[in-house]
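The values are calculated or read from the model by the stated rules, or taken from the named source; none is laboratory data. Quick caveat: nothing in here was measured; it's all calculated off a predicted structure. We place every Cβ from the backbone using ideal geometry, glycine too, and count neighbours over all the protein chains shown.
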Amino acid sequence: MFRPQAIAVLPPMASQYDSAREDIQEVLSGALNKVANIERVVSPENVTDIFQASKEAFDALVFYFSRLEMTGQSDKDSALKLGKAMNVDSFLVVRVNSWEYMRKEGDNVGRVGLSIRLVDATTGTTVWKARHERSSSYMFYRPNLKDIAKELAAEMIKAMPPQAKR
């Protein structure tokens, strides 16, 4: 069974909700820090620093994302380079599918949706993936989308392997 010891959250893949990218990276890193069986979570700031400091790491990230976008598959070589650059044995690939306030069936709702993929950075294999959405209805006061994202991230990370024994 795959048991990540050190993990990083990659900058979220480009989507129409780019304004949420930093919040999502922070929220997911925070959720991972609460998981007892992961020894080290690379902070979003450190991940950013790595990609700004190393052209090779940045190029591997760009290639990884483009291959994933085109084929839906994790690229082994660039996954290995990313793992090595960040000094981790796994990483999360994230896409923000929704980050908005809207009307749904006559109600006002705040909505956050995420797709997450856990990649083994030693083999390039996608170990787990999930896509979920969480909404919160409101009358007058809009819920904070980051708070909705925290609930959603905690729920999704809890389902990520290896699950705690119940």
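Go through the residues of segment 77-86 one by one and say whether even a single one is out of contact with any Phe, Trp or Tyr (no Cβ under 6 Å at 6 or more places or on another chain), modelled with pLDDT under 95 and acidic (D, E). Within segment 77-86 (the criterion being out of contact with any Phe, Trp or Tyr (no Cβ under 6 Å at 6 or more places or on another chain), modelled with pLDDT under 95 and acidic (D, E)), the answer is no, since none of the residues qualifies.
Whenever a residue of segment 96-116 is exposed (fewer than 11 other Cβ atoms within 10 Å of the Cβ), its partners that are assigned to a strand (DSSP E or B), lying with C-beta atoms within less than 9 angstrom and at least six residues away or across chains, give the pairs R103/V109; K104/R111; K104/S135; K104/S137. Among the residues of segment 1-55, the ones that are crowded, with 19+ Cβ neighbours inside 10 Å, under 10 Å from M86 (Cα atoms) and among the small types (G, A, S) come to 1 in all.
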